[in-house]
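Only one structure is covered here, and it is reproduced in the block below.
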Amino acid sequence: MTATGPRRGGQSETAGWADDPGISVERPATIWDAVPPISPRSEREAEFYSLEDGEMLLNLGPQHPSTHGVLRVVAKIRGETVVDLDPVIGYLHRGVEKICEQSDYHMCLSQVDPLDYISALHNEWAPVMAFEKLFDVRVPRRAEFIRVLVAELNRIYSHNLYMGWLALDIGGLTPVLYSFIERDEIVEMLAALTGQRILFNYFRVGGVNWDLNPEFLSRLADWMSHALAQVEANTTLINENEILVKRTKGLGVIDGKTALALNMTGPNLRATGVPFDVRRAHPFSIYPELEFDVPVREEGDTYARYLVRVDEIKQSIRIIDQVINEMPDGPVMAKMPWKITPRPGRAWAAIESPRGLYGCYAMSDGTNRPYRMRIHDPSFNNLQSLQPLSENVMIQDAIAVLASLDPVMGGVDK
Amino acid sequence: MPDLSRGPSTPSAAPPDSDAEPIVVPNDFWSSSNPAAYGGGRPPSITHLHELEADGIQGDNGRWGRLDVIPARSDILLDLLRVNSLWPLLSGLACCAIEMMSAATSVNDMDRFSMFPFRASPRQSDVLIVAGTLTTKMAGPLLRLWEEMPEPKWCVAMGDCTVSGGRYKRSYSVVQGIDRIMPVDVYVPGCPPRPEGLIYGMMKLQQLIVARRGRWAERAVGPRPPRKWDGMNESGGEPGHEPEWSPVSGGAR
């Protein structure tokens, strides 16, 4: 953290230790300073960086344990109250979309993995669906079941990590240890299937890479035998914890209209009473055949955002139970040519990732690589609401709001 | 059997390059019932570790002998302590950070191997684990973090992106290997490496610290040919030939 007084960057200043007036330090402004060393580029920026009496700027990040990656937040504070916030992003911009334009369709699927690195399978799912629309290929039914199965497992471990990190940012260390136990179980299970622990690279255009194997199934059965009990145990640790409830209830309240105007999706939107879930609103894959509820809360505060995710874990377990019971036989991969060149065209596909609507827009010009490919990541849109949500809250509560929005910087910056 | 009842000895044969007088700490606290145990047979004329090693008495006996004299060259001693409490910096950049956290939590417990708590402040940490893709925008802040860490410090490059650019070799915004901007002690490849891989890399770092005991300042920036004293790779250049390299920041030879 770097506290900066009311001054513009790029100018000389006298260091704090210089009681001797003869000593002054010429200090060039760096990007680390809260105040950017450039003249304001917009009215909003000019307004944000002009300080009134009693206000100061506080720089959080990009290296800060609570900012979930390399997000940098400049907070304008009065005392301990946050008056205004300015998130600075781009510290993890890796140019994935541009790399995808130079790769053929198979290679794209491995490149999109590390975008939203906690839900890699969902990252693959949207581009795969878009490419399948371009190629006009039908996915075998068993492959669709396997996709839903592994994607719901991925959703469970993502929400598990969310539970741990929210508690960690509020000051409780223990829940994150339980989260990682749960996460490691699921991830080892998926590694038995896909060969990787984070960036699974399992989906293919026209199906999935391999069929289910016995090790995966035995691990899955082992985990399913205690999954619900484990969720209950984890939630008893957090749900009625007095500190967590007092710090999160009524914090960062947003109503449904504002949330829709800010283009929030996913559990953050469902916590405001809007029952929008891509799996139900724009059904894809085999979700229309499955029974599950869309958990909705009306409060719209941080605690509701947490509870919605807990309910979603239970619904995902319910989905996995149905998928295992109804899994059909058959191939897991459609017959595809080795080198695939679709006709020119465009395709858009969207899925429900743990953070919301995750979409992919792909354009084909008739060659074996996409002409343009764009990813719509929900973390980016959810992060927009950080500023309205954390106005006039304490600094530590702004951190809790940020944790409850669950942005993943890999997805925000791409 | 030497005379153990004698008091602490004065340094008789201090080497010319010793930094200070030896610290003499008489052991008034305990003594073994068996005077020959715990390396108790060490001749009292030996006051420095290198004399001890030249004498042929090595291993735990030499290290955990009677605390009558602790040799000088404080780095040599302190590095042994540092090896057994490596404090990494809690700094995650991307995907590898999840595996780093997984290595630190219950299932793969890094604490067992004395890589102790993750510190949030660079002022208190020894090891910078660069976990994840380093972009050009993040390079400045990361370099600043590295410079804020007090010496002695070590750097572990975790993941293919930090080792060489990895899957972002064709990207316009990624630093193609962090050894272009800062020294690296241990490379842990993998995309991302498993937590066991990170723990193995950190144990390699512990070996390296022991091998370089007291000479931690001799660190080069960028990839360089292995040197003899690294102790981990004996296949260096020709004997007597020192490869040319340019120290960039504080890399005094």
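The values are calculated or read from the model by the stated rules, or taken from the named source; none is laboratory data. The model shown is predicted, which means the values in this text are computed figures rather than measured ones. In this analysis, Cβ positions are derived from the backbone assuming ideal geometry, glycine residues included, and neighbour counts consider all displayed protein chains. SASA here: full protein model, heavy atoms, side chains in, ligands and nucleic acids out. Shrake-Rupley method; radii C 1.70, N 1.55, O 1.52, S 1.80 Å.
Can you list the residues in the range B:122-147 whose accessible area drops by at least 10 Å² when all protein chains are present, compared with the chain alone? Use a 1.4 Å probe, heavy atoms only. Going by heavy-atom accessible area, the residues of the range B:122-147 that drop by at least 10 Å² are B:THR133, B:THR135, B:LYS137, B:MET138, B:PRO141, B:ARG144, B:LEU145. Helix A:174-194 and the longest principal axis of the C-alpha atoms of chain A enclose an angle of approximately 40°.
Between A and B, roughly 3300 Å² of accessible area is buried in total, ligands, DNA and RNA not counted and the probe set to 1.4 Å. Legend: distances between Cα atoms for A:LYS257/A:LYS314; A:LYS133/A:LYS249; A:LYS76/A:LYS257; A:LYS314/B:LYS204; pairs beyond 32 Å are A:LYS133/A:LYS249; A:LYS314/B:LYS204.
If you roll a 1.4 angstrom probe over the protein chains with everything in place, what fraction of the accessible area of chain A belongs to carbon and sulfur, to the nearest %?
About 52 percent, which is the carbon plus sulfur part of the accessible surface.
Given R₀ = 35 Å, what would the calculated FRET efficiency be for A:GLU43 paired with B:THR136, taking r from the Cβ atoms and rounding to 0.05? The partial results should precede the final answer.
On the way: r = 29 Å, r/R0 = 0.82.
Once the sixth-power term is evaluated, E becomes 0.75.
Name the residues of the range A:165-183, by number, that are at least 50 Å² less accessible with every protein chain in place than in the isolated chain; the surface is that of heavy atoms, probe 1.4 Å, without ligands or nucleic acids. With the partner chains in place, the range A:165-183 has these residues losing at least 50 Å²: A:PHE180. If R0 is 51 Å, the Cβ-Cβ spacing of A:SER50 and A:ASP329 corresponds to a FRET efficiency of close to 0.15. Taking the DSSP bridge list for the range B:95-216 and keeping only pairs wholly inside it, about 10 percent are antiparallel.
May I ask for the angle, rounded to the nearest 10°, between helix A:141-170 and the longest principal axis of chain A, with both axes built from Cα atoms and the value confined to 0 to 90°? Between helix and principal axis, roughly 20 degrees. Mind jotting down the distance between the C-alpha centroids of the range A:140-154 and the range B:75-133, whole Å? Cα centroid to Cα centroid, the span is 37 Å. As a fraction of the 1.4 Å probe accessible area of the range B:105-178, surface on carbon and sulfur atoms comes out at 52 percent.
Annotation: extensible slack from A:GLU101 through A:LYS249 equals 48.8 nm (criterion: 0.36 nm per residue apart, minus Cα-Cα distance).
Given N residues in the range B:95-216, what is its alpha carbon radius of gyration divided by 2.2 N^0.38 Å?
Working: Rg = 13.9 Å, N = 122, 2.2 N^0.38 = 13.7 Å.
Ratio of Cα Rg to 2.2 N^0.38 Å: 1.02.
Annotation for B:SER106 and A:LEU173: the two label points, set 7 Å from Cα along the Cα-Cβ direction, are 1.5 nm apart. The long axis of helix A:120-135 is offset from the longest Cα principal axis of chain A by roughly 60 degrees.
What FRET efficiency comes out for A:ARG138 versus A:GLU188 if R0 is 35 angstrom and r is the Cβ-Cβ distance? Round to the nearest 0.05. Working from the Cβ atoms, E equals 0.60.
Accessible area per residue of chain A at 1.4 Å probe, in Å²?
Details: 16320 Å² over 414 residues.
I get 39 Å² per residue for this part.
Between A:ARG343 and A:SER225, what length in nm is gained on full extension when 0.36 nm per residue of separation is reduced by their alpha carbon distance?
Extra length from A:ARG343 to A:SER225 when fully extended: 37.8 nm.
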